[in-house]
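Worksheet for the structure shown next.
The values are calculated or read from the model by the stated rules, or taken from the named source; none is laboratory data. In this text, all values refer to a predicted model and were calculated from it rather than measured experimentally. Neighbour counts run over all protein chains shown; Cβ positions are idealised from the backbone, glycine included.
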Amino acid sequence: MAQEFAAAPSHGDTPEADVPVVAFDFDGTLTVKDSFTAFLKWRAGPVRYALGLARLVPAAAAYLFHRDRGRIKAAAVGVFLKGVPHDRLEADARAFAESHARKLLRPDAVAAWKRWRDQRVRLVIVTASPDIVVAPFARGLGADAILGTQLSYDPENRVLGAFSGPNCRGPEKVVRLREVFGHDVRLKAAYGDTSGDTEMLAMAEIKGFRVFTGKP
């Protein structure tokens, strides 16, 4: 399901379903690098991060054969986050966003986001990163919703070390957009920077591939 932060901007008597969507990928598009990797490194600290990477060597080796980014990302969740309570992870994500937003966000991408914010659209972040990590950034930008990869939790609300659904990449981004906004969703524009955004870009009226290059 989507994490929604606020009602879409008011557009008079126009039905909500008629308001088009503008979708931004997060990592590499709105940011200069992968936010989830940066979050794990920040949260673990240099020593624990190095030890965690050592534990990920088998998963990294397997990736050379299966080329499934979701599998290696799930392995990283298991190594670095398994057992962490949801509330603690949510608080850590907020602290990370507060301290790293200016270091990570591309100024030209944020400027484009703000220009769209003044128009009759719903602004959405669609990302392969865990939604709980990206959510504080999305709130800060005033996103209407975030569609991201979702972690699974045990009955005591602790991270299990796996995903509760598919990695939100490639065709899954289109699936999630249609799931939340309807099969006939009108994607006014989409922005991305990798092959994982191909399907989302293909359904957009305005296709922004690697258009942002600014650095903090």
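General observations
- Taking the criterion of being part of a helix (DSSP H, G or I) and more than 14 Å from ARG169 (Cβ to Cβ), the only residue of the range 196-211 that qualifies is ALA202.
- Considering GLY170, GLY196, GLY182, the condition of being of a type outside the set (Val, Ile, Thr), surrounded by fewer than 20 Cβ atoms within 10 Å (Cβ to Cβ) and under 16 Å from the mean Cα position of the chain (by Cα) is satisfied by GLY170 alone.
- Residues of the range 142-191 that turn out to be in a loop (DSSP other than H, G, I, E, B), touching a strand residue (DSSP E or B) at 6+ places or on another chain (Cβ under 9 Å) and within 28 Å of PHE209 (Cα to Cα), as a count: 12
- The numbered conditions (1) in a helix (DSSP H, G or I); (2) touching a residue at least 60 places away in the same chain (Cβ under 8 Å) are all true for SER129 except (1).
- GLU98 satisfies every condition listed in (1) loosely packed, with under 14 Cβ neighbours inside 10 Å; (2) of a type outside the set (A, V, I, L, M, F, W, C); (3) not in a helix (DSSP H, G or I) except (3).
- When SER152 is tested against the conditions (1) touching a residue at least 12 places away in the same chain (Cβ under 8 Å); (2) under 14 Å from the mean Cα position of the chain (by Cα), the lone failure is (2).
- Residue in the range 11-21 that is crowded, with 16+ Cβ neighbours inside 10 Å and at pLDDT below 75 present: no
- Among residues of the range 38-91, those that are in contact (Cβ under 8 Å) with a residue 24 or more places away in the chain, basic (Lys, Arg) and not in a helix (DSSP H, G or I), counted: 1
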